[in-house]
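Asks: So that we are looking at the same thing, I have put the structure below in C-alpha cells.
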Amino acid sequence: MSEQTLVIIKPDGLARRLLGRIIQRFEDKQLQISQIKIETLSKAQLHEHYHHLVDQPFFPRLLDYMMEGPVLLMVVKGEQAISQTRKIVGATDPLEAEMGTLRGDFGVNKTRNLIHASDSVDTAQEEIARFFG
Ligand code: IDP
C-alpha cells in the first residue's frame, strides 16, 4: 500500500554534509521525495513534535541538539513507506542500530542519532500536517 511519512534530517546531518548520502538511501529503495525543505525549528515546534518526551531527563539535551542549526524536512512516499523508512533509519540508539542503517552507520549516540522518521500511519499524518500544512 502506498503511504507517506515524515523524515527529519537532524542538524548534524547538514553540518556534516551527509544530505546526499542520506537521501540516496531512500531513492535506492524506490521511495519518492514528494516535499522537501530546510528550516530551523523553534522551541514551540519541537515541544509539539516531541510532546511524548517533554518529561524525560534528556529532553533539554534533545532540544539543544535539534536547535543547533537548520534541519531538512521531507515527505517520503511509496510502498509501505512508513515501515521501509524506519528500517532504513534503524534503531533509536546508534550503538544498537544495525550497520547498513543510517543511524548504525552515521549516528553518534542516543540523542545525536541523525534522523527522525514517523512511527505509524497516524503520527505520519499528524507530522506531515504539522510541518507541511
Ligand atoms: P525515535 O526517534 O527512534 O522514534 P523516540 O523514542 O521517539 O525515538 O525519541 C525521539 C528522540 O529523542 C530520539 O530520536 C533521540 O534523538 C532522543 N532520545 C530518545 N531516547 C533517548 C534517550 O534515552 N537518551 C537520549 N536521547 C534520547
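Read-outs: derived from the displayed coordinates by stated rules, not from any lab. As the structure is a computational prediction, the values presented were derived from the model and not from experiment. Using ideal geometry, Cβ is built from the backbone for each residue, glycine included, and neighbour counts are taken over all protein chains shown.
Asks: With respect to the numbered conditions (1) surrounded by 15 or more Cβ atoms within 10 Å (Cβ to Cβ); (2) under 16 Å from the mean Cα position of the chain (by Cα); (3) outside any loop (DSSP other than H, G, I, E, B), which one is the sole condition not fulfilled by Gly78?
Replies: For Gly78, the failing item is (2).
Asks: Can you name every residue in the range 43-65 that is touching a residue at least 24 places away in the same chain (Cβ under 8 Å) and either closer than 24 Å to Val121 by Cβ or not in a helix (DSSP H, G or I) (or both)?
Replies: Listed by number, the residues that qualify are Gln45, Glu48, His49, Phe58.
Asks: Would you point out which residue out of Glu39, Glu27, Glu3 is in contact with a strand residue (DSSP E or B) (Cβ under 8 Å, 6 or more places away or on another chain) and without any contact (Cβ under 8 Å) to a residue 24 or more places away in the chain?
Replies: Glu27
Asks: Out of the range 80-103, which residues are within 12 Å of the ligand (Cβ to nearest atom) and over 12 Å from Asp119 (Cα atoms)?
Replies: Within the range 80-103, Asp93, Pro94, Leu95, Glu96, Ala97, Thr101, Leu102, Arg103 qualify.
Asks: Pairs please, first residue from the range 114-125 and surrounded by 22 or more Cβ atoms within 10 Å (Cβ to Cβ), second anywhere and of a type in the set (A, V, I, L, M, F, W, C) and assigned to a loop (DSSP other than H, G, I, E, B), Cβ atoms under 9 Å, 6+ apart in sequence or on different chains.
Replies: Pairs that qualify, where the first residue is surrounded by 22 or more Cβ atoms within 10 Å (Cβ to Cβ) and the partner is of a type in the set (A, V, I, L, M, F, W, C) and assigned to a loop (DSSP other than H, G, I, E, B), are Leu114/Leu18; Leu114/Val108.
Asks: So which of Ile22, Ile36 ends up being within 16 Å of the ligand (Cβ to nearest atom), within 14 Å of the chain's Cα centre (by Cα) and surrounded by 13 or more Cβ atoms within 10 Å (Cβ to Cβ)?
Replies: Result of the check over Ile22, Ile36: Ile22.
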